[in-house]
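Colleague: Here you go, one structure.
The values are calculated or read from the model by the stated rules, or taken from the named source; none is laboratory data. Since the model is a prediction, treat every value here as computed from it, not as a measurement. Cβ: placed from backbone, ideal geometry, glycine included. Neighbour counts: every protein chain shown. What goes into the accessible areas is simple: the full protein's heavy atoms, side chains included, and nothing from ligands, DNA or RNA. Shrake-Rupley method; radii C 1.70, N 1.55, O 1.52, S 1.80 Å.
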Amino acid sequence: MAGCVSRVELSVSCRSLLDKDLGSRSDPLCVLLQDVGGGQWAELDRTERIKNCQDPEFCKKLVVDYYFEKVQKLKFGVYDIDNKSFDLNDDDYLGGIECTLGQVVSSSVFTRPLELKQGKPAGKGTITISAEEIKDTRVVYLEVEARNLDKKDFLGKSDPFLEFYKQSDAGTWQLVYRSEVIKNNLNPCWKKFSVPLQTFCGGDFNKPIKVQCADHDSDGSHDLIGTFETTLTGLQEAGGGSPVEFECIHPEKKQKKKSYKNSGVIRIKSCKIETDYSFLDYVMGGCQINFTVGIDFTGSNGDPKSPDSLHYISPDGINEYLIAIWSVGSVVQDYDTDKLFPAFGFGAQVPPSWQVSHEFALNFNPSNPYCQGIQGIVDAYRQILPQIRLYGPTNFSPIINHVARFAAHSAQQGTASQYFILLIITDGEITDLDQTRQAIVNASKLPMSIIIVGVGEADFRAMEFLDGDNGVLKSPTGEPAARDIVQFVPFRQFRNAPREALSQMVLAEVPKQLVTYYKGQGWPPVKPLEIKKM
């Protein structure tokens, strides 16, 4: 397992972006992609969108694992977002850059001109990236409200939002958090929020923090309501039902009016500091990742004896099913100590009764479906092919429910000790879509992730629907998935790419899925690592 040397947090700002909106300025967002080989880029993170702004300073930091031993090629892309969809293909591209993470971390501040494509500058636009190592996994959780804020709008009350700034070593103020806007309200109560301690104050509890409250205007010309300065130590006095209050002061009003008291009061209802665990914290803390494979043996794959079948094993001993098993399995097996992997087939008639089965053990041993290592799965697959009849229909739900039963049993222990990954390899024509949606929504509440690799040339629209990237997947009754647990990848995109490209792409979301599950349950790593004192 490649050791992640550390995590770095990238702060991004841009200057002089192109204007793509008629009658107003662009609404930029920056996306960070990493090269996963074979010309494929996987999204790592994205900033928030800032409305009506040509010189954005993005508040959300982009977090990336830094590996000294890898050349990590990165691509920063800035887009003008004019709709609510997650997909960026329908948004205007304002320019981007390609660089390596090594270049960014070795420069204290990295500024480059934005390009629309190689050699074509995006007007005078530039991007500036600075990196900071995340040495601390503690997180500050805050609940904030305000009372009696000044009315700033001619026709209505104010639309207040908060900004928190930390003082840098050079004395300048750096934005660390921007709240949501609460419309038409002089006594707003903002949503509870969290900021990594390192981002919030560099881990220094006495570092000056400036809090600014402003009235939001859609044209970007926000009016200051008032401001105050404190420290994290000052904020921490909140708790146990007694909030801390700070007067919100407008400097100009204070100078002009002797009788000026304040422009409202900001109340810190609670300020807590908790530890945020990473994927590596869980893995190093003893979490086992259990890997299960489900293989599609339906008739649409074609007769395995025929060279145009997806199950045809070529003279060099491979096909797309085997490559998918190898490339995903070879990464996942490092996280499972016993290296025993259950492997199943579905959609075939199996001897001796020749009934269609949707979850038969590849080794024909239902009470012990485990194969020894990835090679064991490959051997079982090769042995079973001549002994079964490819048939149908293509039902995914039985095998998803099978793994979910194990995940549910493990979850009852109430510890972060077992996580389950189900790899389904299919030629794509799914029959039981409604039952599968329900099975995925049920599984989203359990410690498991599902990876679907589509082989062949089929229409994979149903698979892309199950991968909740374009919005939350819902069950037929309308229940939304608790978290996004499905990652779908068509194999054809990786035919000419190196083997590791497929596994990096399909496994990219698993660490985040695992952490989201355990965090949601409030379960720490089984054996928490001692935080080393610097």
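Listed here are the residues, each with its yes/no results for (1) open to solvent by 70 Å² or more (accessible area, probe 1.4 Å); (2) in contact with a Leu (Cβ under 8 Å, 6 or more places away or on another chain); (3) touching a residue at least 12 places away in the same chain (Cβ under 8 Å).
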{"site": "464", "(1), (2), (3)": "yes, no, yes"}
{"site": "471", "(1), (2), (3)": "no, no, yes"}
{"site": "475", "(1), (2), (3)": "no, no, yes"}
{"site": "479", "(1), (2), (3)": "no, no, yes"}
{"site": "485", "(1), (2), (3)": "no, no, yes"}
{"site": "491", "(1), (2), (3)": "no, yes, yes"}
{"site": "494", "(1), (2), (3)": "no, yes, yes"}
{"site": "499", "(1), (2), (3)": "yes, no, yes"}
{"site": "503", "(1), (2), (3)": "no, no, yes"}
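Colleague: Could we say that residue 260 is touching a helix residue (DSSP H, G or I) at 6+ places or on another chain (Cβ under 6 Å), at pLDDT below 95 and not in a strand (DSSP E or B) here?
Modeller: yes
Colleague: Okay, next question. Looking for something surrounded by fewer than 18 Cβ atoms within 10 Å (Cβ to Cβ), of a type outside the set (A, V, I, L, M, F, W, C) and without any contact (Cβ under 8 Å) to a residue 60 or more places away in the chain - is there at least one such residue anywhere in segment 276-283?
Modeller: no
Colleague: Right, another one. So, in segment 297-311, exactly how many residues are among the polar types (S, T, N, Q) and in contact (Cβ under 8 Å) with a residue 12 or more places away in the chain?
Modeller: 3
Colleague: Related question: Answer yes or no: is there a residue in segment 9-21 that is of a type in the set (Gly, Ala, Ser), modelled with pLDDT under 85 and either open to solvent by 60 Å² or more (accessible area, probe 1.4 Å) or under 20 Å from residue 123 (Cβ atoms) (or both). If you could, list the steps in order and put the result at the bottom.
Modeller: Just the residues of segment 9-21 that are of a type in the set (Gly, Ala, Ser), to begin with: 11, 13, 16.
Still in the list and also modelled with pLDDT under 85: none.
Scanning segment 9-21, I find no residue that is of a type in the set (Gly, Ala, Ser), modelled with pLDDT under 85 and either open to solvent by 60 Å² or more (accessible area, probe 1.4 Å) or under 20 Å from residue 123 (Cβ atoms) (or both), so the answer is no.
Colleague: For residues that are in a loop (DSSP other than H, G, I, E, B) and among the acidic types (Asp, Glu), tally how many sit in segment 263-287.
Modeller: 1
Condition check ((1) surrounded by 17 or more Cβ atoms within 10 Å (Cβ to Cβ); (2) farther than 20 Å from residue 360 by Cβ; (3) modelled with pLDDT of 85 or more; (4) among the hydroxyl-bearing types (Ser, Thr, Tyr)) across all residues:
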{"position": "287", "(1), (2), (3), (4)": "yes, yes, yes, no"}
{"position": "291", "(1), (2), (3), (4)": "yes, no, yes, no"}
{"position": "296", "(1), (2), (3), (4)": "yes, no, yes, no"}
{"position": "307", "(1), (2), (3), (4)": "no, yes, yes, no"}
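Colleague: Among (1) touching a Ser or Thr at 6+ places or on another chain (Cβ under 7 Å); (2) open to solvent by 80 Å² or more (accessible area, probe 1.4 Å), which single condition is residue 118 missing?
Modeller: (1)
Colleague: Sort out which residues of segment 140-165 are surrounded by fewer than 20 Cβ atoms within 10 Å (Cβ to Cβ) and touching a Leu at 6+ places or on another chain (Cβ under 9 Å), and write them in order of number.
Modeller: Going residue by residue through segment 140-165, those that are surrounded by fewer than 20 Cβ atoms within 10 Å (Cβ to Cβ) are 141, 143, 145, 147-148, 151, 153-157, 161, 163, 165.
Residues satisfying the conditions are 147, 148, 151, 157, 163, 165.
Colleague: Considering only residues that are among the hydroxyl-bearing types (Ser, Thr, Tyr) and modelled with pLDDT of 90 or more, look in segment 263-275 and name the one that is surrounded by the fewest Cβ atoms within 10 Å (Cβ to Cβ).
Modeller: Among those that are among the hydroxyl-bearing types (Ser, Thr, Tyr) and modelled with pLDDT of 90 or more, it is 270.
Residues are listed down the side, and each one gets a yes or a no for (1) out of contact with any Ser or Thr (no Cβ under 9 Å at 6 or more places or on another chain); (2) in the same structural domain as residue 362 (by the TED database); (3) farther than 17 Å from residue 485 by Cβ:
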site: 400; (1), (2), (3): no, yes, no
site: 408; (1), (2), (3): yes, yes, no
site: 414; (1), (2), (3): yes, yes, yes
site: 422; (1), (2), (3): no, yes, no
site: 436; (1), (2), (3): no, yes, no
site: 442; (1), (2), (3): no, yes, no
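Colleague: Next up: Does residue 55 satisfy the condition of being in a loop (DSSP other than H, G, I, E, B), at pLDDT 90 or above and more than 19 Å from the chain's Cα centre (by Cα)?
Modeller: Spelling it out, residue 55 is indeed in a loop (DSSP other than H, G, I, E, B), at pLDDT 90 or above and more than 19 Å from the chain's Cα centre (by Cα).
Colleague: Then there's this: Can you go through 221, 194 and tell me which one is under 24 Å from the mean Cα position of the chain (by Cα) and either more than 30 Å from residue 24 (Cβ to Cβ) or open to solvent by 40 Å² or more (accessible area, probe 1.4 Å) (or both)?
Modeller: 194
Colleague: So which of 399, 425 ends up being surrounded by 21 or more Cβ atoms within 10 Å (Cβ to Cβ), in contact with a Phe, Trp or Tyr (Cβ under 6 Å, 6 or more places away or on another chain) and either polar (S, T, N, Q) or more than 26 Å from residue 518 (Cα to Cα) (or both)?
Modeller: After applying the criteria, what remains is 425.
Colleague: Tell me whether segment 322-338 contains one or more residues that are open to solvent by 10 Å² or more (accessible area, probe 1.4 Å), assigned by the TED database to the domain that holds residue 511, in a loop (DSSP other than H, G, I, E, B) and under 20 Å from residue 454 (Cα atoms).
Modeller: no
Colleague: List every residue pair whose Cβ atoms sit under 7 Å apart, with the two residues 6 or more apart in sequence or on different chains, where the first one lies in segment 166-194 and is more than 19 Å from residue 13 (Cβ to Cβ) and the second, anywhere, is small (Gly, Ala, Ser) and open to solvent by less than 50 Å² (accessible area, probe 1.4 Å).
Modeller: What qualifies is 184/156; 186/158; 187/146; 188/146; 190/179; 193/179.
Colleague: Still on this model: Could you tell me which of the residues 128, 111, 137, 100 is exposed (fewer than 15 other Cβ atoms within 10 Å of the Cβ) and modelled with pLDDT under 90?
Modeller: Numbers: 128 fails: modelled with pLDDT under 90; 111 fails: modelled with pLDDT under 90; 137 fails: exposed (fewer than 15 other Cβ atoms within 10 Å of the Cβ).
None of the others qualify; the one that does is 100.
Colleague: Okay, next question. So in segment 346-383, with the set limited to residues that are under 21 Å from residue 328 (Cα atoms) and β-branched (Val, Ile, Thr), which one is surrounded by the most Cβ atoms within 10 Å (Cβ to Cβ)?
Modeller: 377
Colleague: Let me ask you something else. Filtering segment 117-144 down to residues that are in a loop (DSSP other than H, G, I, E, B) and either in contact (Cβ under 8 Å) with a residue 24 or more places away in the chain or of a type in the set (A, V, I, L, M, F, W, C) (or both), which residue is nearest to residue 98 (Cα to Cα)?
Modeller: Here the answer is 135.
Colleague: Also: Which residues, counting only those in segment 168-198, are among the β-branched types (Val, Ile, Thr) and either at pLDDT 95 or above or within 15 Å of residue 271 (Cβ to Cβ) (or both)?
Modeller: Result: 176, 181, 182, 195.
Colleague: Next question. If you go through segment 23-31 one residue at a time, do you hit one that is open to solvent by less than 50 Å² (accessible area, probe 1.4 Å), part of a loop (DSSP other than H, G, I, E, B) and of a type in the set (Val, Ile, Thr)?
Modeller: No, segment 23-31 has no match at all.
Colleague: Only one of these conditions is not met by residue 186: (1) within 23 Å of residue 250 (Cα to Cα); (2) out of contact with any Cys (no Cβ under 7 Å at 6 or more places or on another chain); (3) not in a loop (DSSP other than H, G, I, E, B). Which number is it?
Modeller: It is condition (3) that residue 186 fails.
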